[in-house]
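Here's the structure we're looking at; comments come further down.
The values are calculated or read from the model by the stated rules, or taken from the named source; none is laboratory data. Small disclaimer: the values here were computed from a predicted structure and weren't measured. Ideal geometry is used to build each Cβ from the backbone, glycine not excepted, and the neighbour counts take in all protein chains shown.
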Amino acid sequence: MVMKLRPEELYKCCDLSIFRFDTTDDIGKFEGTIGQERALRSLDFGLGLISKGFNIYVLGESGTGKMRTIRTLLNERASKESVPSDWCYVYNFKDPDNPLAVSLDPGKGVVFQKDMDTLIKNLRIEIPKAFESKEYEKQRSKILEEFQQKQKSLFTSLEEDAMAKGFAIRKAVTGLLIVPIKKNGEPLTEEEFAALDEKTRKKVEEIGKMLQEKLDDVVRAVREAEKLVKDMLSRLEREIALAAVGHFIEELKEKYKGYEKIVAYLDAVKEDILSHLDDFKITEEQAPPLPFMKMPKPEVSFVRYTVNVIVNNADCKGAPVVFESNPTYLNLFGRIEYKVQYGMALTDFSMIKAGSLHRANGGYIVINALDLLRNIFSYDALKRSIKNKEIKIEDVWEQYRLLSTTALKPEPIPLDVKVILVGNPYLYYLLYNLDEEYKELFKVKADFDSRMPRTNENIEKYAFFVASCQKEENLLPFDRSGVAKIVEYGSRLAEHQDKLSTKFSYIADIIREAHYWAKNAGSNIVKAEHVTKAIEEKIYRANRIEERIREMILEDTLIVETDGEKVGQVNGLAVLDLGDYSFGKPSRITARTYTGKAGVVNIERETKMSGKIHEKAIMIISSYLGSKYATKRPISLSASITFEQLYEMVEGDSATCAELYALLSSISGVPLKQNIAVTGSMDQNGDVQPIGGVNEKIEGFFDLCKVRGLDGHGVIIPKRNIKHLMLRQEVVDAVKDNKFFIYPIEKMEEGLEILTGMSAGVQREDGTYPEGTINYLVMKRLEEISEALEKKKEKEEEKAAEKKEGDNNANNK
């Protein structure tokens, strides 16, 4: 005989004697994470191992404190580690499209940037001063005077020689020419030249040709001298500028002598300055073509000498810890910005901006896995960076353009970072099984559990957690009864009497809400009644749909009978999960049987409203019927089972027992009690298996029966679900007053006996069952169906034989 559950089996109270305080004011905060020893060990291992590929994926349900734990652990560990280097980008004088990445000690990046800015400011002052100095003017004048003297000497000698021979040097559009002249010094005209006799003309032409050749030689010599003068002036300017620039550059080279790349860069800077001295000279403004117009002085850009500090760790205390909340490609890997000028988009190395990977370099970066996968390019680029150990700033859309564009390609920066992905278990197993690279790059799994054992130690930790929330948020203190009710709520969330939920975000919400209701009640202390009020109000805010469904049942819009008896009908229990709230929903399950060979037909399956697990449950029922009633002879049966008024998908096997009871009732003709609902899975041997949502299912049927009037109503549940019971006090009180009953069963037959009031019957050695039992009636009915089918078959065979004999006689005639 099945024993009804006692009230103390329905809810496990928290023993107040465990607590050694009057209120949570008497205890301190809890430092650390509660109930996640496995995850903490995994995190400690993953963070401590620096080998390649040992990045971490933190998985667990929402509310288990993953982010808070990671933040605490990383901040503690990172504070003890060394501060990583600063990173800068500088101009590449050899290849301007490929800026150079420079690494400096923490805080030195900004110093180097200021040093370079100061250098250029000084040079813009000192170089013009140097070119305005008397020494420069003196040397420059000397070079120019020597050139002019030489030029004058060459032309004077040639002019004297020409004059002696009746020629002069004249300027023309094509250059200097030798022309014959008259005695008065005027050039000989063409008519006058033509009037000369042939001998004279010929002599003039020969002398002119000879003088022209000499003139060409002089011009050539002057041009060579000009080149020499330019070179001399250039060397002079270089020497003068070097005198002004050299000591500044050398001072910087001495200051940064430990950085080979910077020393080489400074040499390139010096050479570029000496090659572009005109940029530093003071030039006069151009005269406007009209008096009212102003001609602006052309601006010279010195951007190429600046230092773009993209990572500055001057204020860091330990290794950086970066939580990237929006892991787009640009946010992770940096970007090259543009500015529009005169309708053109322009950029340079100074507009390179760092991403979160740059800032986390040398430390840790935490990324939400789902957000990472949602952003195009981010996941693949992250894997590539981890594999290659470098960060590249690239234009990822370049490959999709029809026309290639010239873009900067900054030098990659070496990457040394521990990547921590945070996500749900589904994403973890999806990536692990579908992405070959993932398992090589994220080898550490930190699995956060959603519950922990309900030991005295963990109960005390719950109390410390309540105290921490109270002190951090300045809430009212909780007394022992209030903390005990929080512990019991933790067991309800865990759906287990001997477990506690580790979804501390949910626990914290109840703590805050209990504080609110205590304050509203004018209490200075949060007690059990205030926690209960908070839980009830939380349910009330979310259970509108549950109440609407209950109203429809009470109005008989949704038909659920809770009194009397019916053949082939039983009340099953399902759970509807809305996300923020789940509740039990009673449903009518009916079965009909008739003569035939179709077997058990699942109407939901035929209408494609049944999931695979539910279809499996129907097949288990068919298998059970065969093993139970077809040991001696085969059975024939056509039956249909359905959830009445089902307008959504049905999934799960928790209705297996209820569906079998309805089917056996329909076969045997024995009515089932409608004041008892059933939940429970079943195997092929008739053993009842545990199900989920047992608390919600019981309470859902209880609430309906309470409105209609409790009178011996109850629920049949699997015995293995007793440890999961954490029912509302209202249900416990009803059981205590014998108004509501909960029946735990191990075998399917136990529930059948409760619903029918008859013995199920034990099979005898000959395969029969005792009369007056349900199994006897079921077997008898199955035999009747089989006999009816056999008789029908015999009649069909007789008719076929008679028809065949008639056909033969007709053929013989």
Residues in region 665-681: is at least one among the aliphatic types (A, V, I, L, M) and in contact with a Cys (Cβ under 7 Å, 6 or more places away or on another chain)? yes
Restricting attention to region 213-227, which residues are exposed (fewer than 15 other Cβ atoms within 10 Å of the Cβ) and free of Cβ contacts under 8 Å to residues at least 60 places away in the same chain? Glu213, Asp216, Asp217, Arg220, Arg223, Glu224, Lys227
Please give the helices (runs of 4 or more DSSP H) falling wholly within region 589-685 in which 1 or more residues are closer than 29 Å to Arg764 by Cβ. 612-629, 656-668
Restricting to region 699-727, and then to whatever is in a loop (DSSP other than H, G, I, E, B) and either under 41 Å from the mean Cα position of the chain (by Cα) or outside the structural domain of Glu753 (by TED's automatic domain parsing) (or both), can you tell me which residue is surrounded by the fewest Cβ atoms within 10 Å (Cβ to Cβ)? Met726
Report the residue count in region 107-156 for those that are without any contact (Cβ under 8 Å) to a residue 12 or more places away in the chain and hydrophobic (A, V, I, L, M, F, W, C). 2
Could you say whether any residue in region 790-806 is surrounded by 12 or more Cβ atoms within 10 Å (Cβ to Cβ) and either in contact with a helix residue (DSSP H, G or I) (Cβ under 6 Å, 6 or more places away or on another chain) or not basic (Lys, Arg) (or both)? no
So, in region 600-625, how many residues would count as being among the small types (Gly, Ala, Ser) and either exposed (fewer than 15 other Cβ atoms within 10 Å of the Cβ) or at positive phi (or both)? 1
State all residues of region 244-260 that are surrounded by fewer than 15 Cβ atoms within 10 Å (Cβ to Cβ) and touching a residue at least 12 places away in the same chain (Cβ under 8 Å); if no residue qualifies, say none. Gly246
Can you tell me how many residues within region 65-112 are in a helix (DSSP H, G or I) and exposed (fewer than 15 other Cβ atoms within 10 Å of the Cβ)? 6
Suppose the filter is at pLDDT 80 or above, out of contact with any helix residue (DSSP H, G or I) (no Cβ under 8 Å at 6 or more places or on another chain) and assigned to a helix (DSSP H, G or I); does Asp231 pass it? no
One residue from Val688, Val707, Val650 being of a type in the set (Val, Ile, Thr) and more than 24 Å from Ile603 (Cα to Cα): Val707
For Glu784, indicate whether it is modelled with pLDDT under 85 and either outside the structural domain of Ser627 (by TED's automatic domain parsing) or among the hydroxyl-bearing types (Ser, Thr, Tyr) (or both). yes
Subset of region 1-47 that is acidic (Asp, Glu) and not in a loop (DSSP other than H, G, I, E, B) - its residue that is nearest to Ser505 (Cα to Cα): Glu37
For Phe740, all conditions in the list (1) under 47 Å from the mean Cα position of the chain (by Cα); (2) over 24 Å from Ala494 (Cα atoms); (3) of a type in the set (A, V, I, L, M, F, W, C) hold save one; what is the number of the exception? (1)
Answer from Ile535, Ile486, Ile510 - the residue that is crowded, with 21+ Cβ neighbours inside 10 Å, in contact (Cβ under 8 Å) with a residue 24 or more places away in the chain and under 30 Å from Ala39 (Cα atoms): Ile486
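Among the listed residues Ile207, Ile169, Ile262, identify the single one that is modelled with pLDDT of 70 or more, assigned to a strand (DSSP E or B) and more than 28 Å from Ser133 (Cβ to Cβ).
Selected residue: Ile169, the only one of Ile207, Ile169, Ile262 that is modelled with pLDDT of 70 or more, assigned to a strand (DSSP E or B) and more than 28 Å from Ser133 (Cβ to Cβ).
Each row is one residue, and each column tells you yes or no for (1) in the same structural domain as Val487 (by TED's automatic domain parsing); (2) over 17 Å from Ser501 (Cβ atoms).
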{"site": "Gly423", "(1), (2)": "no, yes"}
{"site": "Tyr426", "(1), (2)": "no, yes"}
{"site": "Leu431", "(1), (2)": "no, yes"}
{"site": "Glu436", "(1), (2)": "no, yes"}
{"site": "Lys439", "(1), (2)": "no, yes"}
{"site": "Asn458", "(1), (2)": "yes, no"}
{"site": "Tyr462", "(1), (2)": "yes, no"}
{"site": "Ala467", "(1), (2)": "yes, yes"}
{"site": "Gln470", "(1), (2)": "yes, yes"}
Kindly check whether there is at least one residue in region 510-521 that is under 34 Å from the mean Cα position of the chain (by Cα) and of a type in the set (D, E, K, R). yes
Within region 305-338, restricting attention to residues that are charged (D, E, K, R) and in contact with a helix residue (DSSP H, G or I) (Cβ under 7 Å, 6 or more places away or on another chain), which residue is farthest from Asp272 (Cα to Cα)? Glu324
Any residue at all in region 769-778 that's acidic (Asp, Glu) and assigned by TED's automatic domain parsing to the domain that holds Gly712? yes
So Glu696 fits all but one of (1) surrounded by 24 or more Cβ atoms within 10 Å (Cβ to Cβ); (2) at pLDDT 95 or above; (3) among the acidic types (Asp, Glu); what number is the exception? (1)
Condition check for Val526: touching a Pro at 6+ places or on another chain (Cβ under 9 Å), over 21 Å from Phe643 (Cα atoms) and buried (at least 20 other Cβ atoms within 10 Å of the Cβ): yes
Residue match in region 549-561 (condition: assigned by TED's automatic domain parsing to the domain that holds Gly709 and outside any loop (DSSP other than H, G, I, E, B)): no
Based on what the data block shows, is Ala467 of a type in the set (A, V, I, L, M), surrounded by 18 or more Cβ atoms within 10 Å (Cβ to Cβ) and not in a helix (DSSP H, G or I)? no
Within the set of pairs 6 or more residues apart or between chains, which connect a residue that is in contact (Cβ under 8 Å) with a residue 12 or more places away in the chain inside region 334-363 to a residue that is surrounded by fewer than 22 Cβ atoms within 10 Å (Cβ to Cβ) and among the acidic types (Asp, Glu) with Cβ atoms less than 7 Å apart? Thr347/Glu337; Met351/Glu337; Lys353/Glu337; Ser356/Glu324; Asn361/Asp416; Gly362/Asp416
Report whether or not Lys566 is of a type in the set (Lys, Arg), assigned by TED's automatic domain parsing to the domain that holds Tyr661 and more than 30 Å from Cys705 (Cα to Cα). no
Hits in region 637-673 (condition: out of contact with any Asp or Glu (no Cβ under 9 Å at 6 or more places or on another chain), among the aromatic types (Phe, Trp, Tyr) and crowded, with 17+ Cβ neighbours inside 10 Å): Tyr661
